[in-house]
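**Q** Next up is a structure, given as C-alpha coordinates.
The values are calculated or read from the model by the stated rules, or taken from the named source; none is laboratory data. As the structure is a computational prediction, the values presented were derived from the model and not from experiment. All Cβ positions, even for glycine, are placed from backbone atoms using ideal geometry, and neighbour counts span all protein chains on display. SASA here: full protein model, heavy atoms, side chains in, ligands and nucleic acids out. Shrake-Rupley method; radii C 1.70, N 1.55, O 1.52, S 1.80 Å.
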Amino acid sequence: MGKACADLFAGLECTIIGNADEEVSGIAYRSDRVQPGDAFFCIVGQVADGHSFAQDAIDRGAKVLVVERKVYLADATDVCEVVVSDTRKAMAHAAANFHDHPSRAFSLVGVTGTNGKTTTTYLVEHIARACGKRTGVIGTVGTRIGDAQEKTAHTTPESPDLQQLFARMRDARCDVVAMEVSSHALDLLRTWNAAFSVTAFTNLTQDHLDYHHTFDAYFEAKALLFSRDYPARRVICIDDKWGRELLRRCSANEDSIVTTGFDPEAQIHPVQVDYAPTHTDVVLEVRGERVAFSYPLVGRFNVENVMCAFGIALQLSCAPADVARALADVPAVPGRLERVRAPHDGGVSVFVDYAHTPDALEKALSTIMALTPGRTICVFGCGGERDAGKRPIMGRAALAADHAVVTSDNPRHEDPLAIIDDIVRGMGVAGGGDAPRFEVEPDRRAAIARAIALAAPGDSVLVTGKGHEDYQLVGDEVLSFDDRVVAAEELEKRFGAADAAASLADVGGPAGGSAAEGESR
(Lines give C-alpha, C1' and ligand atoms only; values in the text may rest on other atoms or scores of the structure.)
Protein backbone atom coordinates (compact mmCIF):
# COMPACT_ATOMS: atom_id res chain seq x y z
CA MET A 1 0.00 0.00 0.00
CA GLY A 2 1.35 3.40 -0.95
CA LYS A 3 0.22 6.98 -1.35
CA ALA A 4 1.41 9.76 -3.61
CA CYS A 5 3.28 12.48 -1.74
CA ALA A 6 0.71 15.09 -2.77
CA ASP A 7 -2.12 12.94 -1.40
CA LEU A 8 -0.42 12.57 1.96
CA PHE A 9 -0.33 16.33 2.44
CA ALA A 10 -3.65 17.21 0.86
CA GLY A 11 -5.37 19.79 3.05
CA LEU A 12 -2.14 20.90 4.76
CA GLU A 13 -0.34 24.14 3.93
CA CYS A 14 3.09 23.11 2.66
CA THR A 15 5.63 23.51 -0.12
CA ILE A 16 6.60 20.40 -2.10
CA ILE A 17 10.04 20.63 -3.68
CA GLY A 18 10.50 17.81 -6.17
CA ASN A 19 8.17 15.14 -7.50
CA ALA A 20 4.75 15.54 -5.88
CA ASP A 21 3.73 12.19 -7.38
CA GLU A 22 6.52 10.34 -5.55
CA GLU A 23 4.96 7.22 -4.00
CA VAL A 24 5.39 6.89 -0.25
CA SER A 25 5.29 3.37 1.17
CA GLY A 26 5.50 4.25 4.87
CA ILE A 27 5.98 6.97 7.49
CA ALA A 28 9.01 7.17 9.77
CA TYR A 29 10.12 9.55 12.50
CA ARG A 30 13.27 7.67 13.53
CA SER A 31 16.01 7.40 10.92
CA ASP A 32 17.13 3.98 12.22
CA ARG A 33 13.69 2.60 11.38
CA VAL A 34 13.42 3.99 7.85
CA GLN A 35 12.47 1.48 5.17
CA PRO A 36 13.04 2.04 1.43
CA GLY A 37 10.30 4.28 0.03
CA ASP A 38 9.41 5.90 3.37
CA ALA A 39 8.73 9.54 4.11
CA PHE A 40 10.99 10.67 6.94
CA PHE A 41 9.69 13.40 9.23
CA CYS A 42 12.40 15.59 10.76
CA ILE A 43 10.87 16.09 14.19
CA VAL A 44 12.32 18.88 16.32
CA GLY A 45 12.40 17.35 19.80
CA GLN A 46 13.48 18.48 23.24
CA VAL A 47 16.78 16.59 23.00
CA ALA A 48 17.47 15.98 19.30
CA ASP A 49 16.60 17.65 16.00
CA GLY A 50 15.45 15.22 13.32
CA HIS A 51 16.95 17.42 10.60
CA SER A 52 20.35 16.17 11.79
CA PHE A 53 19.35 12.63 10.80
CA ALA A 54 18.16 13.45 7.28
CA GLN A 55 21.25 11.99 5.63
CA ASP A 56 20.92 8.74 7.58
CA ALA A 57 17.28 8.51 6.48
CA ILE A 58 18.28 9.01 2.83
CA ASP A 59 21.01 6.38 3.16
CA ARG A 60 18.37 3.93 4.37
CA GLY A 61 16.07 4.60 1.42
CA ALA A 62 13.81 7.52 2.36
CA LYS A 63 12.27 9.05 -0.78
CA VAL A 64 10.59 12.03 0.93
CA LEU A 65 11.91 14.34 3.64
CA VAL A 66 9.45 16.42 5.62
CA VAL A 67 11.22 19.43 7.08
CA GLU A 68 10.68 22.77 8.80
CA ARG A 69 13.65 24.19 6.93
CA LYS A 70 15.23 23.06 3.68
CA VAL A 71 18.12 20.68 4.16
CA TYR A 72 21.05 20.97 1.79
CA LEU A 73 22.56 17.54 1.30
CA ALA A 74 24.60 16.27 -1.62
CA ASP A 75 22.57 13.07 -1.69
CA ALA A 76 19.20 14.83 -1.57
CA THR A 77 18.91 15.64 -5.27
CA ASP A 78 16.61 12.68 -5.95
CA VAL A 79 14.65 13.16 -2.76
CA CYS A 80 11.40 15.08 -2.58
CA GLU A 81 11.32 17.67 0.24
CA VAL A 82 8.10 18.87 1.85
CA VAL A 83 8.53 22.09 3.82
CA VAL A 84 5.96 22.62 6.59
CA SER A 85 5.65 24.92 9.59
CA ASP A 86 5.37 22.06 12.10
CA THR A 87 6.65 18.58 11.29
CA ARG A 88 4.73 17.01 14.21
CA LYS A 89 1.40 18.32 12.97
CA ALA A 90 2.32 17.38 9.41
CA MET A 91 3.20 13.84 10.53
CA ALA A 92 -0.16 13.36 12.26
CA HIS A 93 -1.95 14.81 9.23
CA ALA A 94 -0.05 12.58 6.79
CA ALA A 95 -0.49 9.47 8.96
CA ALA A 96 -4.27 9.91 8.98
CA ASN A 97 -4.28 10.42 5.19
CA PHE A 98 -1.95 7.44 4.67
CA HIS A 99 -4.38 5.09 6.44
CA ASP A 100 -7.54 6.74 5.01
CA HIS A 101 -8.69 8.26 8.32
CA PRO A 102 -9.44 4.96 10.08
CA SER A 103 -10.84 6.52 13.29
CA ARG A 104 -13.88 7.66 11.31
CA ALA A 105 -14.90 4.00 10.99
CA PHE A 106 -15.77 3.54 14.69
CA SER A 107 -16.79 5.51 17.78
CA LEU A 108 -13.53 6.76 19.28
CA VAL A 109 -13.67 7.69 22.97
CA GLY A 110 -10.81 9.79 24.37
CA VAL A 111 -10.39 9.94 28.16
CA THR A 112 -8.00 12.45 29.73
CA GLY A 113 -7.23 13.63 33.25
CA THR A 114 -4.56 12.86 35.84
CA ASN A 115 -6.15 9.82 37.49
CA GLY A 116 -8.81 7.33 36.45
CA LYS A 117 -8.10 7.13 32.71
CA THR A 118 -7.22 3.45 32.61
CA THR A 119 -10.13 2.27 34.74
CA THR A 120 -12.59 4.44 32.83
CA THR A 121 -11.48 3.11 29.44
CA TYR A 122 -11.78 -0.48 30.71
CA LEU A 123 -15.27 0.24 32.04
CA VAL A 124 -16.30 1.75 28.69
CA GLU A 125 -14.92 -1.28 26.86
CA HIS A 126 -16.88 -3.63 29.13
CA ILE A 127 -20.13 -1.68 28.75
CA ALA A 128 -19.78 -1.59 24.96
CA ARG A 129 -19.10 -5.34 24.85
CA ALA A 130 -22.13 -6.03 27.02
CA CYS A 131 -24.16 -4.01 24.52
CA GLY A 132 -22.98 -6.27 21.70
CA LYS A 133 -20.22 -4.05 20.26
CA ARG A 134 -16.76 -5.02 19.02
CA THR A 135 -14.20 -3.10 21.03
CA GLY A 136 -10.63 -1.87 21.29
CA VAL A 137 -8.64 -0.22 24.10
CA ILE A 138 -5.47 1.89 23.95
CA GLY A 139 -3.67 3.02 27.08
CA THR A 140 -1.18 2.60 29.90
CA VAL A 141 -1.77 -1.12 30.39
CA GLY A 142 -1.41 -1.73 26.65
CA THR A 143 -3.58 -2.20 23.60
CA ARG A 144 -6.42 -4.66 23.15
CA ILE A 145 -8.15 -5.41 19.86
CA GLY A 146 -11.02 -7.70 20.69
CA ASP A 147 -9.41 -10.28 23.00
CA ALA A 148 -5.85 -9.83 21.72
CA GLN A 149 -3.59 -7.94 24.17
CA GLU A 150 -0.41 -6.09 23.14
CA LYS A 151 2.10 -3.87 24.93
CA THR A 152 2.65 -0.25 23.93
CA ALA A 153 5.58 2.08 24.63
CA HIS A 154 3.46 5.13 25.46
CA THR A 155 0.05 5.69 27.04
CA THR A 156 -0.88 7.36 23.75
CA PRO A 157 1.33 6.22 20.82
CA GLU A 158 3.05 8.56 18.35
CA SER A 159 0.75 9.61 15.52
CA PRO A 160 2.00 7.15 12.81
CA ASP A 161 1.78 4.26 15.27
CA LEU A 162 -1.60 5.45 16.52
CA GLN A 163 -3.10 5.76 13.04
CA GLN A 164 -1.72 2.35 12.08
CA LEU A 165 -3.35 0.97 15.23
CA PHE A 166 -6.62 2.65 14.31
CA ALA A 167 -6.37 1.03 10.87
CA ARG A 168 -5.95 -2.41 12.44
CA MET A 169 -8.97 -1.75 14.67
CA ARG A 170 -10.99 -0.63 11.67
CA ASP A 171 -9.98 -3.78 9.79
CA ALA A 172 -10.96 -5.87 12.85
CA ARG A 173 -14.40 -4.20 12.59
CA CYS A 174 -14.28 -2.52 15.99
CA ASP A 175 -17.39 -0.49 16.80
CA VAL A 176 -16.07 1.34 19.88
CA VAL A 177 -12.48 2.16 20.82
CA ALA A 178 -11.68 3.65 24.23
CA MET A 179 -8.35 5.46 24.44
CA GLU A 180 -6.40 7.16 27.20
CA VAL A 181 -5.18 10.55 25.99
CA SER A 182 -2.18 11.90 27.87
CA SER A 183 -1.25 15.56 28.20
CA HIS A 184 2.05 14.80 26.45
CA ALA A 185 0.17 13.30 23.50
CA LEU A 186 -2.03 16.38 23.15
CA ASP A 187 0.86 18.80 23.47
CA LEU A 188 2.95 16.79 20.98
CA LEU A 189 0.02 16.46 18.54
CA ARG A 190 0.00 12.66 18.55
CA THR A 191 -3.80 12.68 18.37
CA TRP A 192 -4.07 15.43 15.74
CA ASN A 193 -6.56 14.45 13.02
CA ALA A 194 -8.09 11.67 15.12
CA ALA A 195 -11.88 11.74 14.84
CA PHE A 196 -13.30 11.51 18.37
CA SER A 197 -16.94 10.72 19.01
CA VAL A 198 -16.71 11.42 22.77
CA THR A 199 -14.03 13.11 24.89
CA ALA A 200 -14.08 12.80 28.69
CA PHE A 201 -12.32 14.54 31.59
CA THR A 202 -11.76 12.82 34.96
CA ASN A 203 -9.79 15.24 37.18
CA LEU A 204 -6.57 17.24 37.43
CA THR A 205 -4.01 16.82 40.20
CA GLN A 206 -0.24 17.30 40.33
CA ASP A 207 1.75 15.29 37.79
CA HIS A 208 4.07 15.87 34.83
CA LEU A 209 5.14 19.37 35.97
CA ASP A 210 8.67 18.41 34.91
CA TYR A 211 7.30 18.68 31.36
CA HIS A 212 4.54 21.30 31.62
CA HIS A 213 6.24 23.39 34.40
CA THR A 214 2.99 24.98 35.64
CA PHE A 215 -0.45 23.69 36.57
CA ASP A 216 -2.03 26.11 34.12
CA ALA A 217 0.09 24.76 31.25
CA TYR A 218 -0.76 21.20 32.30
CA PHE A 219 -4.47 22.05 32.26
CA GLU A 220 -4.28 23.80 28.89
CA ALA A 221 -2.70 20.69 27.37
CA LYS A 222 -5.60 18.58 28.66
CA ALA A 223 -8.10 21.23 27.55
CA LEU A 224 -7.00 20.84 23.92
CA LEU A 225 -9.11 17.67 23.76
CA PHE A 226 -12.18 19.83 24.45
CA SER A 227 -11.35 22.57 21.97
CA ARG A 228 -12.78 23.16 18.52
CA ASP A 229 -9.79 21.24 17.12
CA TYR A 230 -11.36 18.09 18.56
CA PRO A 231 -15.13 18.33 17.98
CA ALA A 232 -17.00 15.65 19.92
CA ARG A 233 -19.66 15.01 22.53
CA ARG A 234 -18.28 15.75 26.02
CA VAL A 235 -18.30 14.13 29.45
CA ILE A 236 -16.85 16.31 32.22
CA CYS A 237 -16.42 15.67 35.92
CA ILE A 238 -17.14 19.01 37.60
CA ASP A 239 -15.86 18.18 41.10
CA ASP A 240 -12.78 20.40 40.67
CA LYS A 241 -12.27 23.90 39.32
CA TRP A 242 -10.59 22.56 36.19
CA GLY A 243 -13.65 20.55 35.23
CA ARG A 244 -15.89 23.54 35.84
CA GLU A 245 -13.67 25.64 33.57
CA LEU A 246 -13.92 23.00 30.84
CA LEU A 247 -17.69 23.02 31.27
CA ARG A 248 -17.74 26.78 30.79
CA ARG A 249 -15.67 26.57 27.60
CA CYS A 250 -17.62 23.67 26.10
CA SER A 251 -20.93 25.34 26.94
CA ALA A 252 -19.74 28.47 25.12
CA ASN A 253 -18.98 26.24 22.11
CA GLU A 254 -22.50 24.74 22.37
CA ASP A 255 -21.13 21.21 22.70
CA SER A 256 -23.26 18.29 23.81
CA ILE A 257 -22.20 17.79 27.44
CA VAL A 258 -22.88 15.27 30.20
CA THR A 259 -21.55 16.38 33.59
CA THR A 260 -20.60 13.93 36.34
CA GLY A 261 -19.43 14.17 39.93
CA PHE A 262 -20.35 14.12 43.59
CA ASP A 263 -21.54 17.69 43.07
CA PRO A 264 -25.38 17.45 43.12
CA GLU A 265 -25.44 19.91 40.21
CA ALA A 266 -23.89 17.23 37.96
CA GLN A 267 -26.25 15.47 35.58
CA ILE A 268 -24.91 12.16 36.90
CA HIS A 269 -24.31 12.19 40.67
CA PRO A 270 -24.70 9.74 43.56
CA VAL A 271 -27.77 9.85 45.76
CA GLN A 272 -26.57 7.01 47.97
CA VAL A 273 -23.33 5.00 48.15
CA ASP A 274 -22.63 1.98 50.37
CA TYR A 275 -19.04 0.74 50.37
CA ALA A 276 -18.23 -2.92 51.05
CA PRO A 277 -14.89 -4.80 50.99
CA THR A 278 -15.77 -6.57 47.73
CA HIS A 279 -18.23 -4.28 45.97
CA THR A 280 -20.07 -0.97 46.01
CA ASP A 281 -23.84 -0.39 46.07
CA VAL A 282 -24.83 2.89 44.48
CA VAL A 283 -27.91 4.87 43.55
CA LEU A 284 -27.10 7.37 40.82
CA GLU A 285 -29.27 10.17 39.62
CA VAL A 286 -28.87 10.10 35.85
CA ARG A 287 -30.45 13.13 34.23
CA GLY A 288 -33.28 13.08 36.74
CA GLU A 289 -33.77 9.30 36.73
CA ARG A 290 -32.58 7.18 39.68
CA VAL A 291 -30.59 4.06 38.78
CA ALA A 292 -29.60 1.59 41.51
CA PHE A 293 -26.98 -1.13 40.98
CA SER A 294 -23.94 -2.85 42.49
CA TYR A 295 -20.53 -3.30 40.93
CA PRO A 296 -17.42 -5.25 42.05
CA LEU A 297 -15.06 -2.29 42.48
CA VAL A 298 -14.32 -0.49 45.75
CA GLY A 299 -13.64 3.05 46.91
CA ARG A 300 -14.90 6.57 46.37
CA PHE A 301 -12.57 7.17 43.42
CA ASN A 302 -14.13 4.24 41.57
CA VAL A 303 -17.53 5.87 42.02
CA GLU A 304 -16.03 8.77 40.06
CA ASN A 305 -14.75 6.39 37.37
CA VAL A 306 -18.10 4.58 37.14
CA MET A 307 -19.97 7.88 36.74
CA CYS A 308 -17.57 9.00 34.00
CA ALA A 309 -17.99 5.70 32.14
CA PHE A 310 -21.77 5.95 32.60
CA GLY A 311 -21.73 9.40 31.02
CA ILE A 312 -19.64 8.18 28.09
CA ALA A 313 -22.07 5.31 27.55
CA LEU A 314 -24.96 7.77 27.46
CA GLN A 315 -23.12 9.83 24.86
CA LEU A 316 -22.72 6.61 22.85
CA SER A 317 -26.54 6.20 22.99
CA CYS A 318 -26.58 3.32 25.49
CA ALA A 319 -29.70 3.00 27.68
CA PRO A 320 -29.13 3.62 31.43
CA ALA A 321 -30.59 0.24 32.39
CA ASP A 322 -28.19 -1.53 29.98
CA VAL A 323 -25.25 0.39 31.42
CA ALA A 324 -26.17 -0.55 34.99
CA ARG A 325 -26.51 -4.23 34.04
CA ALA A 326 -23.12 -4.18 32.34
CA LEU A 327 -21.38 -2.57 35.31
CA ALA A 328 -22.73 -5.22 37.68
CA ASP A 329 -20.10 -7.73 36.55
CA VAL A 330 -17.23 -5.55 35.36
CA PRO A 331 -13.84 -7.30 35.72
CA ALA A 332 -10.94 -5.96 37.77
CA VAL A 333 -8.49 -3.64 36.00
CA PRO A 334 -4.85 -4.85 36.02
CA GLY A 335 -2.78 -3.12 38.69
CA ARG A 336 -5.63 -0.96 39.98
CA LEU A 337 -6.23 -1.96 43.62
CA GLU A 338 -5.52 -5.49 42.44
CA ARG A 339 -5.62 -8.07 45.23
CA VAL A 340 -2.55 -10.32 45.34
CA ARG A 341 -3.44 -13.99 45.52
CA ALA A 342 -1.12 -16.49 47.23
CA PRO A 343 -1.77 -20.04 48.49
CA HIS A 344 -0.91 -18.87 52.00
CA ASP A 345 -1.45 -15.27 53.10
CA GLY A 346 -1.72 -15.55 56.87
CA GLY A 347 -4.79 -13.33 56.89
CA VAL A 348 -2.82 -10.42 55.42
CA SER A 349 -4.36 -8.64 52.43
CA VAL A 350 -1.92 -7.26 49.85
CA PHE A 351 -3.04 -4.85 47.13
CA VAL A 352 -1.07 -3.45 44.19
CA ASP A 353 -2.02 -0.11 42.69
CA TYR A 354 -0.59 2.18 40.00
CA ALA A 355 -1.02 5.29 42.20
CA HIS A 356 1.96 7.51 41.43
CA THR A 357 0.53 10.96 42.20
CA PRO A 358 -0.26 12.42 45.64
CA ASP A 359 -3.98 12.49 44.94
CA ALA A 360 -4.06 8.89 43.70
CA LEU A 361 -2.02 7.70 46.69
CA GLU A 362 -4.35 9.48 49.12
CA LYS A 363 -7.40 7.92 47.47
CA ALA A 364 -5.92 4.43 47.35
CA LEU A 365 -4.90 4.60 51.02
CA SER A 366 -8.28 5.97 52.07
CA THR A 367 -10.03 3.11 50.28
CA ILE A 368 -7.85 0.35 51.73
CA MET A 369 -7.93 1.78 55.26
CA ALA A 370 -11.72 1.95 55.21
CA LEU A 371 -11.86 -1.74 54.32
CA THR A 372 -9.13 -2.96 56.71
CA PRO A 373 -9.94 -4.01 60.29
CA GLY A 374 -6.27 -3.80 61.31
CA ARG A 375 -3.36 -1.62 60.23
CA THR A 376 -2.51 -0.48 56.71
CA ILE A 377 1.14 -0.53 55.65
CA CYS A 378 2.14 1.31 52.48
CA VAL A 379 5.12 0.61 50.21
CA PHE A 380 5.83 3.41 47.75
CA GLY A 381 8.46 5.43 45.89
CA CYS A 382 8.74 7.95 43.06
CA GLY A 383 10.05 7.55 39.54
CA GLY A 384 13.28 9.16 38.40
CA GLU A 385 13.44 11.90 35.77
CA ARG A 386 9.80 12.78 36.47
CA ASP A 387 8.22 15.76 38.32
CA ALA A 388 10.55 15.97 41.32
CA GLY A 389 8.25 18.56 42.93
CA LYS A 390 5.65 15.93 43.81
CA ARG A 391 8.09 13.73 45.77
CA PRO A 392 7.77 15.42 49.21
CA ILE A 393 4.01 15.69 48.64
CA MET A 394 3.90 11.93 48.03
CA GLY A 395 5.79 11.49 51.28
CA ARG A 396 3.23 13.51 53.21
CA ALA A 397 0.37 11.63 51.54
CA ALA A 398 1.86 8.28 52.57
CA LEU A 399 1.73 9.29 56.25
CA ALA A 400 -2.00 8.61 56.16
CA ALA A 401 -1.00 4.92 56.43
CA ASP A 402 -0.27 3.39 59.82
CA HIS A 403 3.25 2.71 58.59
CA ALA A 404 5.11 3.44 55.35
CA VAL A 405 8.13 1.84 53.70
CA VAL A 406 9.86 4.24 51.29
CA THR A 407 11.60 2.45 48.44
CA SER A 408 12.79 2.72 44.84
CA ASP A 409 10.34 2.90 41.93
CA ASN A 410 11.72 3.35 38.39
CA PRO A 411 14.83 5.46 39.15
CA ARG A 412 15.92 5.56 35.52
CA HIS A 413 19.19 7.54 35.45
CA GLU A 414 18.72 9.21 38.84
CA ASP A 415 20.29 8.07 42.11
CA PRO A 416 17.55 6.12 43.94
CA LEU A 417 18.81 7.40 47.31
CA ALA A 418 18.53 11.02 46.13
CA ILE A 419 14.92 10.39 45.07
CA ILE A 420 14.19 8.84 48.46
CA ASP A 421 15.76 11.86 50.19
CA ASP A 422 13.37 14.12 48.27
CA ILE A 423 10.42 12.00 49.43
CA VAL A 424 11.51 11.84 53.07
CA ARG A 425 11.86 15.65 53.22
CA GLY A 426 8.07 15.79 53.02
CA MET A 427 7.62 13.35 55.90
CA GLY A 428 9.02 15.68 58.59
CA VAL A 429 9.77 14.14 61.96
CA ALA A 430 7.21 11.36 61.54
CA GLY A 431 10.00 8.82 61.60
CA GLY A 432 11.07 9.68 65.13
CA GLY A 433 9.75 8.66 68.52
CA ASP A 434 9.17 5.25 70.05
CA ALA A 435 6.99 4.09 67.15
CA PRO A 436 8.44 5.45 63.88
CA ARG A 437 5.81 6.04 61.20
CA PHE A 438 8.04 5.17 58.27
CA GLU A 439 11.30 3.53 57.30
CA VAL A 440 13.51 3.44 54.23
CA GLU A 441 14.42 0.32 52.25
CA PRO A 442 15.84 1.17 48.78
CA ASP A 443 15.60 -2.41 47.48
CA ARG A 444 12.02 -2.80 46.26
CA ARG A 445 11.76 -6.55 46.87
CA ALA A 446 13.18 -6.14 50.37
CA ALA A 447 10.71 -3.29 50.99
CA ILE A 448 7.74 -5.47 50.02
CA ALA A 449 9.10 -8.30 52.16
CA ARG A 450 9.55 -5.90 55.10
CA ALA A 451 5.97 -4.65 54.85
CA ILE A 452 4.64 -8.22 54.79
CA ALA A 453 6.86 -9.10 57.76
CA LEU A 454 5.38 -6.19 59.73
CA ALA A 455 1.78 -7.20 58.93
CA ALA A 456 -0.42 -9.26 61.24
CA PRO A 457 -3.69 -11.06 60.45
CA GLY A 458 -6.34 -8.47 59.58
CA ASP A 459 -3.75 -5.98 58.28
CA SER A 460 -3.40 -4.75 54.69
CA VAL A 461 -0.30 -3.94 52.66
CA LEU A 462 -0.68 -1.47 49.77
CA VAL A 463 2.16 -1.48 47.21
CA THR A 464 1.91 1.52 44.90
CA GLY A 465 3.57 3.20 41.96
CA LYS A 466 3.96 0.47 39.36
CA GLY A 467 0.65 -1.38 39.26
CA HIS A 468 0.49 -3.50 36.12
CA GLU A 469 4.15 -2.92 35.16
CA ASP A 470 6.30 -6.06 34.99
CA TYR A 471 9.63 -4.26 34.88
CA GLN A 472 11.83 -1.78 36.73
CA LEU A 473 13.84 0.89 34.90
CA VAL A 474 17.33 1.26 36.39
CA GLY A 475 19.75 3.27 34.26
CA ASP A 476 19.64 1.78 30.78
CA GLU A 477 18.45 -1.59 32.08
CA VAL A 478 14.91 -2.91 31.99
CA LEU A 479 14.80 -5.37 34.89
CA SER A 480 12.09 -7.99 35.29
CA PHE A 481 9.99 -6.95 38.31
CA ASP A 482 6.29 -7.32 38.94
CA ASP A 483 4.95 -6.11 42.30
CA ARG A 484 2.14 -8.68 42.14
CA VAL A 485 4.49 -11.60 41.57
CA VAL A 486 7.01 -10.44 44.17
CA ALA A 487 4.30 -9.85 46.79
CA ALA A 488 2.84 -13.33 46.21
CA GLU A 489 6.31 -14.86 46.57
CA GLU A 490 7.00 -12.96 49.78
CA LEU A 491 3.62 -13.94 51.24
CA GLU A 492 4.41 -17.55 50.51
CA LYS A 493 7.88 -17.27 52.04
CA ARG A 494 6.48 -15.87 55.25
CA PHE A 495 3.31 -17.90 55.68
CA GLY A 496 3.74 -20.99 53.50
CA ALA A 497 6.33 -22.71 55.67
CA ALA A 498 4.43 -21.87 58.88
CA ASP A 499 1.18 -23.25 57.47
CA ALA A 500 2.95 -26.40 56.28
CA ALA A 501 4.51 -26.94 59.71
CA ALA A 502 1.15 -26.41 61.38
CA SER A 503 -0.46 -28.97 59.06
CA LEU A 504 2.23 -31.53 59.87
CA ALA A 505 1.80 -30.91 63.58
CA ASP A 506 -1.95 -31.46 63.23
CA VAL A 507 -1.41 -34.97 61.77
CA GLY A 508 1.32 -35.78 64.30
CA GLY A 509 4.12 -36.47 61.81
CA PRO A 510 7.63 -35.06 62.19
CA ALA A 511 8.71 -32.72 59.43
CA GLY A 512 11.90 -34.66 58.74
CA GLY A 513 10.11 -37.97 58.29
CA SER A 514 7.68 -36.51 55.80
CA ALA A 515 10.45 -35.00 53.72
CA ALA A 516 12.40 -38.28 53.76
CA GLU A 517 9.37 -40.15 52.46
CA GLY A 518 9.05 -37.68 49.65
CA GLU A 519 12.67 -38.11 48.66
CA SER A 520 12.42 -41.91 48.70
CA ARG A 521 9.74 -41.83 46.05
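**Q** To the nearest 20 debye, what charge dipole does the chain have about its Cα centre, counting +1 at the Cβ of each Lys and Arg and -1 at the Cβ of each Asp and Glu? Can you show the working numbers first?
**A** On the way: 52 positive and 75 negative charges, 234 e Å.
That gives the chain a dipole magnitude of about 1120 debye.
**Q** Quick one: of the DSSP bridges fully inside the range 256-409, what percent are antiparallel, nearest 5?
**A** Percentage antiparallel, nearest 5: 75.
**Q** Which FRET efficiency, nearest 0.05, do residue 89 and residue 471 yield, Cβ-Cβ r, R0 45 Å?
**A** About 0.85, to the nearest 0.05.
**Q** Enter the accessible area of residue 468 (Å², nearest 10), with the probe set to 1.4 Å and all protein chains included.
**A** About 30 Å², rounded to the nearest 10.
**Q** Here is a follow-up. Mind checking which lysines have their C-alpha under 16 Å from residue 222, skipping anything on the same chain fewer than 8 residues away?
**A** Excluding near neighbours in sequence, the set is 117, 241.
**Q** Using 10 Å bins from zero, what percent of all Cα-Cα pairs in the range 105-168 falls into each bin?
**A** In whole percents, the pair-distance histogram is 20, 59, 21, 0.
**Q** Moving on to the next point. Taking the Cβ-Cβ separation of residue 271 and residue 228 as r and a Förster radius of 41 Å, what is the calculated FRET efficiency to the nearest 0.05? Walk me through the numbers before you get to the answer.
**A** Working: r = 35 Å, r/R0 = 0.86.
In this case the efficiency is close to 0.70.
**Q** Still on this structure: On a full-extension model of 0.36 nm per residue, what is the gain between residue 456 and residue 341, subtracting their alpha-carbon distance, rounded to one decimal in nm? Could the numbers behind the result be given before it?
**A** Working: separation 115, 0.36 × 115 = 41.40 nm, distance 1.67 nm.
Gain on extension, residue 456 to residue 341, equals 39.7 nm.
**Q** Check residue 24: other-chain or 5+ apart residues with amide H under 5 Å from its amide H, H built from backbone geometry?
**A** HN-HN under 5 Å from residue 24: 3, 4, 5.
**Q** Any idea how far apart residue 17 and residue 251 come out in nm if each label point goes 7 Å out from Cα toward Cβ?
**A** Output for this residue pair reads 5.1 nm.
**Q** Now, a different point. With the contact rule set at Cα under 8 Å and sequence spacing of 6 or more, what percent relative contact order holds for the range 216-357?
**A** It comes to 15 percent, rounded to a whole number.
**Q** Now for a different question. Output the antiparallel fraction of DSSP beta bridges having both residues in the chain, as a percent to the nearest 5.
**A** Values: 33 of 82 bridges.
If I count the DSSP bridges inside the chain, around 40 percent turn out antiparallel.
**Q** Å³ per residue of the Cα convex hull, for the range 230-275?
**A** Once divided by residue count, the hull of the range 230-275 is 83 Å³.
**Q** Shifting gears a bit: Just want to confirm a number: the relative contact order over the chain, from Cα pairs under 8 angstrom separated by 6+ residues, in percent. Mind dumping the intermediate values first?
**A** Values: 1106 pairs, mean separation 51.6, N = 521.
Result for the chain is 10 percent.
**Q** Okay, next question. Could you give the length gained on full extension between residue 300 and residue 375, defined as 0.36 nm per residue of separation minus the Cα-Cα distance, in nm?
**A** Taking 0.36 nm per residue and subtracting the Cα distance, the gain is 25.0 nm.
**Q** Using DSSP, restrict attention to beta bridges with both residues in the range 248-344 and report what percent are antiparallel, rounded to the nearest 5.
**A** 95 percent
**Q** Here's a follow-up. In what sequence, highest mean first, do 5-15, 372-382, 193-203 appear when ranked by Cβ atoms within 10 angstrom?
**A** Highest-to-lowest ranking by the protection proxy: 193-203, 372-382, 5-15.
**Q** Using only DSSP helix segments of four residues or longer, with each worth -39500 (n - 2.57), what per-residue ellipticity at 222 nm results for the chain after dividing by its residue count and rounding to 500?
**A** -10000 deg cm²/dmol
**Q** Further question: What is the helix-to-structure angle for 358-371, meaning the angle in degrees between its Cα long axis and the longest Cα principal axis of the chain, kept from 0 to 90 and rounded to the nearest 10?
**A** Here the helix axis deviates by roughly 30 degrees.
**Q** P(r) for the range 232-362: what percent of alpha-carbon pairs falls in each 10 Å bin, starting at zero?
**A** Result, from short to long distances: 11, 38, 33, 13, 4, 1 percent.
**Q** State log₁₀ I(q)/I(0) for the chain at q = 0.05, 0.08, 0.10, 0.11 Å⁻¹ as given by the Debye formula over alpha-carbon point scatterers of equal weight, solvent excluded.
**A** Scattering profile of the chain, log10 relative to I(0): -0.24, -0.59, -0.87, -1.01.
**Q** Compare 278, 118 by solvent-accessible area with a 1.4 Å probe and give them largest first, with all protein chains kept in place.
**A** Heavy-atom accessible area, descending, gives 278, 118.
**Q** I would also like to ask the following. If you roll a 1.4 Å probe over the range 186-314 with all protein chains in place, what percent of the accessible area is carbon or sulfur?
**A** C and S fraction of accessible area: 48 percent.
**Q** How high is the relative contact order of the range 1-146, given as a whole-number percent (alpha carbon pairs under 8 Å, six or more residues apart)?
**A** Working: 226 pairs, mean separation 27.7, N = 146.
Computed value for the range 1-146: 19 percent relative contact order.
**Q** Which whole-number percent of Cα pairs in the range 318-425 have a distance greater than 17 Å?
**A** Above the 17 Å cut-off, the range 318-425 has 61 percent of its Cα pairs.
**Q** In degrees, nearest 10, range 0 to 90: what is the angle between the Cα axis of helix 511-520 and the longest Cα principal axis of the chain?
**A** It works out to around 60 degrees.
**Q** Let me ask you something else. Quote to one decimal, in nm, the extra length available between residue 263 and residue 290 on full extension: 0.36 nm per residue of separation minus the C-alpha distance between them.
**A** 8.2 nm
**Q** Could you tell me the calculated FRET efficiency between residue 7 and residue 150, based on Cβ-Cβ distance and R0 = 35 angstrom, to the nearest 0.05?
**A** 0.75
**Q** Something else about it: Just report the Cα centroid separation between the range 31-69 and the range 452-490, whole Å.
**A** So the separation of the two Cα centres works out to 40 Å.
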